[in-house]
Amino acid sequence: MPSVTMKVNGKEVTADVEPRTLLVEFLRQNLALTGTHVGCDTSQCGACVVLVDGNSVKSCTMLAMQADGDEVTTIEGLANGELHPVQAAFKEHHGLQCGFCTPGMVMSAVDLLSKNAKPSESEIRHWLEGNFCRCTGYHNIVKAIQSAAERMSA
Amino acid sequence: MYNFDYHRPASLAEAASALQGADEAKLLAGGQTLLATMKQRLASPSDLIDLSGVGELKGISVEGDSLVIGAMTTHAEVAKSDAVKGFCAALAKLAGGIGDPQVRHRGTIGGSIANADPAADYPAALLGLGATVVTDKREIPVDSFFTGLFETALEEGEIVTKVRFPKPQRAGYAKFANPASRYAIVGVFVSQGPGGVRVAVTGAGPSAFRVAEMEQALAGNFSPDAIAGISVPSSGLNSDIHASADYRAHLVNVMARRAVESAS
Ligand SMILES: Cc1cc2nc3c(=O)[nH]c(=O)nc-3n(C[C@H](O)[C@H](O)[C@H](O)COP(=O)(O)OP(=O)(O)OC[C@H]3O[C@@H](n4cnc5c(N)ncnc54)[C@H](O)[C@@H]3O)c2cc1C
Ligand code: FES
Ligand code: FES
């Protein structure tokens, strides 16, 4: 089996994997980072979104081998003693109900705010095109991201 | 997904020989279509040749009157590129409207055109601008590149290396997107340039096609009104749960007018 090395949440990891191992399987099964969810397994829902070299991607549609040498950030890598501002805003504004979509939503929002510090409501809604939520109706998710944007650029 | 051997060559020459050397090898670009196909076991390659390490396939440059986009350039890179925006804003807009941000971070122009999905956006841009597809073996004018449903002029083992676009005076793109996937139910790309007017339609038929009657009308008068009365026949157009052939034929005219109106 080939070996893969990547930096996950700041820590270098190396493992032997079957080439067909998906990045999300590697994170959940090899590294026990189960915060990244699998909703659809067909690149539709965004529950599996993580950052690879600073860009949000669907980890169900990427091989672990494709992340060889890359830096990966999962939901577990955000909090640093206290919640990341995006996480805190989701909590404060009730941006979640069952929570299944939340890790992907938060990672997608973190990526958006790193590229566009003050997005408009419409830009936020368009950015979330690949993230489905079956509970909240999106309104509070959008509010949470607007609030996080204000706090982070203050 | 069945297992396979994985390779990440560092040069085009290595990629070509890895492709020749294996039983049933396939190229892997962004994987946004191929990995899904493999999960469904509709493809079961013996080897995957990941092109992400091949530097020759990356980058965007303006060379004289042409814009050159490397095959492994992602949709997100094209959408935000100042070089692309300055050369043809409609092309940057088209790339920024593909799927969602995560798909745009991985999906590539080379993968999109090699795949030739009937509802993909890029085929309309290539055909609508009169682009040239450059491979490791030859140059293919776009008018003979898209040959049918998921079919192109690419031969077994041929690698798309870049796409070259001539500079238009003006161009516009309008798509009626599937609300779930953002794929085009109908998308129309129009341009006016040194080669005349081109009108290219994606999403409506088995593969992207041009509408000669609209091109002639727009050559005389580049305005939405000039094509208001021109309809395409619905026979042979796609018909599925998203839209009937008749509705697609109707949308071709509406999107063509919007594309002309937005052209800059
Ligand atoms: C949820 C979702 C929504 C999407 N929405 C849209 C949309 O709105 N519009 C749209 O146009 N597309 C859409 N796509 C498709 C996306 O744009 C991808 O670009 C496309 O799937 C293929 O590109 P890729 O780089 O991922 O190629 P891959 O999946 O890696 O490869 C596709 C095929 O091309 C071959 N190939 C790849 N590179 C080369 C090369 N250089 N030379 C020769 N052959 C090559 C591969 O062997 C394979 O057969 C969507 C995809 C998803 C998952
Ligand atoms: S699990 Fe990856 S997009 Fe749904
Ligand atoms: S909170 Fe339940 S799916 Fe979003």
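Quick notes
- Of residues in region B:156-212 being of a type in the set (V, I, T) and either under 17 Å from B:R248 (Cβ atoms) or within 16 Å of ligand 3 (Cβ to nearest atom) (or both), the one nearest to the other protein chains (Cβ to nearest Cβ): B:I185
- Listed by first and then second residue, the pairs with beta-carbon distance under 6 Å, at least 6 apart or on different chains, first residue in region A:93-109 and within 16 Å of ligand 1 (Cβ to nearest atom), second in a loop (DSSP other than H, G, I, E, B), are A:C101/A:A47; A:C101/A:C133; A:G104/A:G46; A:G104/A:A47; A:G104/A:N131; A:S108/A:N131.
- Residues being of a type outside the set (D, E), touching a Phe, Trp or Tyr at 6+ places or on another chain (Cβ under 9 Å) and either without any contact (Cβ under 8 Å) to a residue 40 or more places away in the chain or surrounded by fewer than 21 Cβ atoms within 10 Å (Cβ to Cβ) (or both) - total across region B:47-59: 0
- For region B:25-34, the criterion of being surrounded by fewer than 17 Cβ atoms within 10 Å (Cβ to Cβ) and at pLDDT 95 or above is met by no residue.
- The criterion of at least 3 residues that are in contact with a Leu (Cβ under 9 Å, 6 or more places away or on another chain) and open to solvent by less than 50 Å² (accessible area, probe 1.4 Å) is met, among helices (runs of 4 or more DSSP H) falling completely within region A:71-127, by A:85-92, A:102-115.
- Within region A:21-49, residues that are small (G, A, S) and surrounded by 23 or more Cβ atoms within 10 Å (Cβ to Cβ) reach no partner that is part of a helix (DSSP H, G or I) and modelled with pLDDT under 95 with beta carbons closer than 8 Å at six or more positions or on different chains.
- Condition check for B:M1: of a type in the set (A, V, I, L, M), over 20 Å from the mean Cα position of the chain (by Cα) and outside any helix (DSSP H, G or I): yes
- Residues of region A:16-38 classified as out of contact with any Ser or Thr (no Cβ under 7 Å at 6 or more places or on another chain) and away from chain B (no Cβ under 13 Å), total: 7
- Taking (1) under 24 Å from A:S59 (Cβ atoms); (2) surrounded by fewer than 21 Cβ atoms within 10 Å (Cβ to Cβ) in turn, B:G64 satisfies each apart from (1).
- Region A:1-14, subset free of Cβ contacts under 8 Å to residues at least 40 places away in the same chain and not in a loop (DSSP other than H, G, I, E, B), residue least open to solvent (accessible area, probe 1.4 Å): A:V13
- Every condition in (1) in contact (Cβ under 8 Å) with a residue 12 or more places away in the chain; (2) open to solvent by less than 10 Å² (accessible area, probe 1.4 Å) is met by B:Q102 except one, and the failing one is (1).
- In region B:24-35, the condition of being more than 16 Å from ligand 3 (Cβ to nearest atom) and more than 14 Å from every other protein chain (Cβ to nearest Cβ) is met by at least one residue.
- The set of residues from region B:109-168 being open to solvent by less than 40 Å² (accessible area, probe 1.4 Å) and modelled with pLDDT under 95 comprises just one member, B:G157.
The values are calculated or read from the model by the stated rules, or taken from the named source; none is laboratory data. Note that the coordinates shown come from a computational prediction; the quantities given were computed from them, not determined experimentally. So basically every Cβ, Gly included, is an ideal-geometry build from the backbone, and we count neighbours across all protein chains shown. Ligands, DNA and RNA are excluded from the accessible area calculation, which covers all protein heavy atoms including side chains. Shrake-Rupley method; radii C 1.70, N 1.55, O 1.52, S 1.80 Å.
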